[in-house]
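Okay, so here's the structure we're looking at.
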Amino acid sequence: MNISFDFTNMMADAVGDEHGMKKSGIDSLKDKVKLIDKELKSKRNDRTLPFFDLPYQDISSITKAAEEIRAEFENFALIGIGGSSLGPKALHKALNPPYYNELTKKERRGCPRIYFLENVDPDSISGLLETIDIKKTIFNVITKSGSTSETMANFLLVRERLAEAVGKEKAKKHIIATTDPKKGSLRRLVETEGYKSLEIPEKVGGRFSVFTPVGLLPAAVIGIDIKGLLNGAAYMDKLCKSDDIWENPAYMNAALQYVSATAKGKRIAVLMNYADALDSIGDWFCQLWAESLGKKNTINGKVINAGQTPVRAVGTNDQHSQIQLYMEGPNDKTITFIRVEKFQNELLMPRVSIDGDSLSYLGGRTINELIHAEQTATELALTKEGRPNCRITLSEISPFTIGALLYMFEIQTAFAGGLYNINPFDQPGVEEGKQLTYAMMGRHGYEEKKKEIEEMAKKSRFTIP
Ligand code: PA5
C-alpha cells in the first residue's frame, strides 16, 4: 500500500518557463521553508496545533460507542455542516461500496445505513425524515462551536420529531452529540438532557477534524477500519518530517501551488480525481484549501487577499465538460490528478464486431486500462499545451491510503498558510454573513445589525424574513 507524488509536469522543463517552476525557484524558498517548519513543529510541541498528533490517539471510546450504535440502530443520520460533515462524508464515499445504503444488512456487515443532514433546505430535510424510520435511527449531531444555526436548526427539528415518535425520554437514546468539551449550546444541552457525547479536541477546527470523533465515529459505525486510517495518517506524518522541501511531499505541493498562484498567475487549483469514490474527497479538499487560505490579511495585518480557488473535477466525466477550458482557456490553473492504480474490480470488455472495426480496439482490454489511459492522455495533453499539472497516485483505495492522503493535504494546507503568512486556522470572512443572519432571524443582541440591514434594504430590493 503506498501513495506517491509526481510533480514533473509542474516544472519549466515540462511546461515551459512562463508557467513552470525552476529547481532554483524552489530552492530559493529554502530558508522560508525551514522557518515555517520550525514554527509548525514548535506549535505541535506546545499543543497549539493538536491536529498533528491525532494519528496517535486512543480510539477505544470511539469504537465502543460505534459498537453500541451498530447493535441497536438500522440508520445513522449525521447532522452537521462544513468541516463537521465533509470529512465523514468523504470517508464514507471513499471507503464503502458505491450503493451502500441499498445493500442488505448482511452485505453491510451488520452496519447501519448512513444519511447526511447538512443544508437547511426544507425539502431535503422533509425528504429524509419522511423516508427513514426515525424509530430505528440514531442522529449524530456534530458541531464544534455548538451553535451553528444550520446544524442546531436541523437538530431542534429532529429532536422534536423524535420526541413525537418515541417519547421524550426514549428520544435521548437516539441522539449522540459530537462537540467541544466545554463550550457551546450543544454541550449545555448534553449536560442538561443527558445525551451521549464525544469530544472534539479544543484546538482542532472543523476542516482539520476528520481524524477526531467527527470523522472517526461515523466511519467506525459504518464499518470502516479507523485504525487503518490513523496508521495511514501516521505513515504520512513520517514522510513529511523533513524540513528539506525536496524530501517532504506536503511542503513541496504547498510550495508548488503557492509559487504558481503568486508568481505564475495560477489562481485556480483543480483537484481531478480519476475514481468516483474520491469525489467527496474533492469537496473536502475544496473546503480545506478555500477556507484555510482565502484570507484578506497577513498575520501582520497587511491586505493580500490570498488564496487559490479550488475546483473539484472527476475524471473521466469532466474530460467531457471542463477539459476544453483547462486546455484552451486562460492558463490560470494548476491541475492535481489523483490516480488509483488498483481498483477493487477489474472489468474486461467483450470483443465485438460493430460498425466495421471502429470499436474493436476496446475488445479484450479492461475498463481499468481505459480509465488509466484516459488519465495519462489528459496529463500528456495538458503538458503539451503548457498547462502545469501534478499527480498523486494511490496504489489502491484503502483506509491506509485515504488516511495518508487526507493527512498530507492537512499538512500541505497548514504549511501553505505559512508561505502566505496568513492564519490558515480561522475564518473571519464568514462572520459577517453569520451575524447578519442572526439579526434577520431576530437573535437577541443583534438589534443594531438589524437596523443596519433595514437601512440597506431601503436602498435595494432584498426582503428581510
Ligand atoms: O472549518 C471550519 O471551522 C468550518 O467550516 C466549520 O466546520 C463549519 O462552519 C461548521 O462549524 P461547526 O462545527 O462549529 O458547526
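The values are calculated or read from the model by the stated rules, or taken from the named source; none is laboratory data. Please read these numbers as outputs of a predicted model, since none were measured by experiment. Please note: Cβ atoms are built from the backbone with ideal geometry, for glycine as well, and neighbour counts cover all protein chains shown. Accessible surface areas use protein heavy atoms only, side chains included; no ligands, DNA or RNA. Shrake-Rupley method; radii C 1.70, N 1.55, O 1.52, S 1.80 Å.
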| From the residues in the range 274-309 that are aliphatic (A, V, I, L, M) and open to solvent by 20 Å² or more (accessible area, probe 1.4 Å), which one is nearest to Ser398 (Cα to Cα)? | Ala277
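Per-residue answers, yes or no, for (1) in the same structural domain as Lys266 (by TED's automatic domain parsing); (2) under 22 Å from the mean Cα position of the chain (by Cα); (3) polar (S, T, N, Q):
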{"residue": "Asn9", "(1), (2), (3)": "yes, no, yes"}
{"residue": "Lys22", "(1), (2), (3)": "yes, no, no"}
{"residue": "Leu35", "(1), (2), (3)": "yes, no, no"}
{"residue": "Lys38", "(1), (2), (3)": "yes, no, no"}
{"residue": "His92", "(1), (2), (3)": "no, yes, no"}
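Here is a yes/no grid of residues against (1) more than 16 Å from the ligand (Cβ to nearest atom); (2) in contact with a Phe, Trp or Tyr (Cβ under 8 Å, 6 or more places away or on another chain); (3) aliphatic (A, V, I, L, M); (4) open to solvent by 50 Å² or more (accessible area, probe 1.4 Å):
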site: Val311; (1), (2), (3), (4): yes, no, yes, no
site: Ser321; (1), (2), (3), (4): yes, no, no, yes
site: Tyr326; (1), (2), (3), (4): yes, no, no, no
site: Asn331; (1), (2), (3), (4): yes, no, no, no
| request: Name every residue in the range 179-199 that is in contact (Cβ under 8 Å) with a residue 40 or more places away in the chain and touching a strand residue (DSSP E or B) at 6+ places or on another chain (Cβ under 6 Å), in order of residue number. | output: Leu186, Arg187, Lys196, Leu198
| request: Working carefully through the options Pro97, Pro50, find the one that is closer than 23 Å to Pro399 by Cα and touching a residue at least 40 places away in the same chain (Cβ under 8 Å). | output: Pro50
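Residue by residue, here is whether (1) surrounded by fewer than 19 Cβ atoms within 10 Å (Cβ to Cβ); (2) not acidic (Asp, Glu); (3) not assigned by TED's automatic domain parsing to the domain that holds Glu150 holds:
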residue: Ile411; (1), (2), (3): no, yes, yes
residue: Gly433; (1), (2), (3): yes, yes, yes
residue: Tyr438; (1), (2), (3): yes, yes, yes
residue: Arg443; (1), (2), (3): yes, yes, yes
residue: Glu455; (1), (2), (3): yes, no, yes
residue: Ser460; (1), (2), (3): yes, yes, yes
| message | Any residue that is within 16 Å of the ligand (Cβ to nearest atom) and within 24 Å of Ala290 (Cβ to Cβ) - is there at least one of those in the range 93-109? | response | no
| note | Matching residues in the range 110-132 (part of a loop (DSSP other than H, G, I, E, B), open to solvent by less than 60 Å² (accessible area, probe 1.4 Å) and within 16 Å of the ligand (Cβ to nearest atom)) number 1
| remark: Residue set Pro88, Pro97; condition over 19 Å from Lys264 (Cβ atoms) and surrounded by fewer than 13 Cβ atoms within 10 Å (Cβ to Cβ); output residue Pro97
| said: Among the residues that make up the range 439-462, is at least one of them away from the ligand (no atom under 16 Å from the Cβ) and closer than 30 Å to Leu347 by Cβ? | reply: no
| field | Residue selected from the range 133-143 under the condition open to solvent by less than 40 Å² (accessible area, probe 1.4 Å) and more than 9 Å from the ligand (Cβ to nearest atom), by the criterion nearest to Glu202 (Cα to Cα) | value | Val141
| Residues that are of a type outside the set (Ser, Thr, Tyr), assigned to a helix (DSSP H, G or I) and under 15 Å from Glu39 (Cβ atoms), drawn from the range 394-433 | Ile411, Ala414, Phe415, Ala416, Gly417, Gly418, Leu419
| request: Could you list, in sequence order, all residues of the range 371-395 that are under 30 Å from Leu229 (Cβ atoms), over 19 Å from the mean Cα position of the chain (by Cα) and either crowded, with 22+ Cβ neighbours inside 10 Å or of a type outside the set (Val, Ile, Thr) (or both)? | output: His372, Glu374, Gln375, Thr378, Glu379, Asn389, Cys390, Ser395
| query | Considering the range 183-204 alone, what residues qualify as being over 28 Å from Arg44 (Cα atoms) and either away from the ligand (no atom under 15 Å from the Cβ) or in a strand (DSSP E or B) (or both)? | reply | Glu191, Thr192, Glu193, Gly194, Tyr195, Lys196
| query | What number of residues in the range 190-206 are open to solvent by less than 30 Å² (accessible area, probe 1.4 Å) and more than 19 Å from Ile69 (Cβ to Cβ)? | reply | 2
| Which condition number does Leu40 fail, the rest of (1) closer than 23 Å to Phe208 by Cα; (2) open to solvent by 50 Å² or more (accessible area, probe 1.4 Å) being met? | (2)
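Among what's in the range 144-172 and is in contact (Cβ under 8 Å) with a residue 40 or more places away in the chain and either open to solvent by 60 Å² or more (accessible area, probe 1.4 Å) or on the phi < 0 side of the Ramachandran plot (or both), pick the residue that is farthest from the ligand (Cβ to nearest atom).
As a first pass, look at the range 144-172 and keep what is in contact (Cβ under 8 Å) with a residue 40 or more places away in the chain: 144, 146, 148-151, 154-155, 158.
Next, only the ones that are either open to solvent by 60 Å² or more (accessible area, probe 1.4 Å) or on the phi < 0 side of the Ramachandran plot (or both) stay: 144, 148-151, 154-155, 158.
Details: Lys144: 4, Thr148: 3, Ser149: 9, Glu150: 8, Thr151: 5, Asn154: 11, Phe155: 10, Val158: 15 Å.
The qualifying residue farthest from the ligand (Cβ to nearest atom) is Val158.
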| request: Would you check if Trp284 is within 16 Å of the ligand (Cβ to nearest atom), modelled with pLDDT of 95 or more and in contact with a Pro (Cβ under 6 Å, 6 or more places away or on another chain)? | output: no
